[in-house]
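Values quoted throughout were computed directly from the atomic coordinates according to the rules given, and no laboratory measurement underlies them. Just so it is clear, the structure is predicted and the values come from calculations on it, not from any experiment. Note: ideal-geometry Cβ built from the backbone for every residue, glycine included; neighbour counts use all protein chains shown.
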Amino acid sequence: MREVVTATGHEHVSAAHESTFEVTTDDWLTPAGDCILAVEADRAPASFDDAFVAACRDASATITATVRVDGETWTATGRGDPELTFESERSLVCRTSEYVDDRTVVVDADGAAADLDRDLATALADGASLEFVLAVEE
């Protein structure tokens, strides 16, 4: 199962955060938002399919987050957690830690914003479109 979110880069994308990466429905970004890869997302976790959410709540589920920009891809893989709520109507966050809040969609990810290919980060800072694909394997 998978969910697809499209969003747009922003001049303040730095992709420097060491433990998370995020996509938000907000239409703005400050330089302090160093985990945010894109803004103006067309969807948030609250709109994801119930079956997808249920699959992600399995601690043994593998969740893959794929970022596509200008035909190039970067992928981080993590896992699900029974505490994932998918209730945020604003943003989705993938975390290298086990911390969970309403924005969290992946825990124990093997990558964060700082690991994003620098060419992709530059393209996003130049305003490129982003496709974010979240796929779960039960």
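Just to be sure, is residue 15 out of contact with any helix residue (DSSP H, G or I) (no Cβ under 7 Å at 6 or more places or on another chain), under 21 Å from residue 111 (Cβ atoms) and surrounded by 18 or more Cβ atoms within 10 Å (Cβ to Cβ)? Don't jump to the end; show me each part of the working.
Values: out of contact with any helix residue (DSSP H, G or I) (no Cβ under 7 Å at 6 or more places or on another chain): no; under 21 Å from residue 111 (Cβ atoms): yes; surrounded by 18 or more Cβ atoms within 10 Å (Cβ to Cβ): yes.
Considered against the rule, which asks whether it is out of contact with any helix residue (DSSP H, G or I) (no Cβ under 7 Å at 6 or more places or on another chain), under 21 Å from residue 111 (Cβ atoms) and surrounded by 18 or more Cβ atoms within 10 Å (Cβ to Cβ), residue 15 comes out as no.
If the condition is being of a type outside the set (Ser, Thr, Tyr) and surrounded by fewer than 21 Cβ atoms within 10 Å (Cβ to Cβ), then region 1-12 contributes 1, 2, 3, 4, 11, 12. Where the second residue is of a type in the set (Ser, Thr, Tyr) and outside any loop (DSSP other than H, G, I, E, B) and the first is more than 17 Å from residue 97 (Cβ to Cβ) and lies in region 20-37, which pairs have Cβ atoms under 7 Å and are six or more apart or on separate chains? Listed by first residue and then by second, the contacts come to 23/91; 24/91; 25/91; 36/24. Residues in region 20-43 that are under 12 Å from the mean Cα position of the chain (by Cα) and among the hydroxyl-bearing types (Ser, Thr, Tyr): 20, 24, 25. Among the criteria (1) farther than 13 Å from residue 134 by Cα; (2) aromatic (Phe, Trp, Tyr); (3) in a strand (DSSP E or B), the one residue 28 does not fulfil is (3). Scanning region 112-134 for residues that are crowded, with 17+ Cβ neighbours inside 10 Å and under 11 Å from the mean Cα position of the chain (by Cα) turns up 112, 113, 130, 132, 134.
Please work out if residue 46 is under 16 Å from residue 15 (Cβ atoms) and part of a helix (DSSP H, G or I). It is false that residue 46 is under 16 Å from residue 15 (Cβ atoms) and part of a helix (DSSP H, G or I). With respect to the conditions (1) within 13 Å of the chain's Cα centre (by Cα); (2) not in a strand (DSSP E or B), residue 83 falls short on a single one, namely (1). Look at (1) in a strand (DSSP E or B); (2) closer than 13 Å to residue 22 by Cα; (3) polar (S, T, N, Q) and you find that residue 88 fails only one, number (1). Only residues that are surrounded by fewer than 16 Cβ atoms within 10 Å (Cβ to Cβ) and either assigned to a loop (DSSP other than H, G, I, E, B) or out of contact with any strand residue (DSSP E or B) (no Cβ under 8 Å at 6 or more places or on another chain) (or both) were counted in region 58-80, giving 5.
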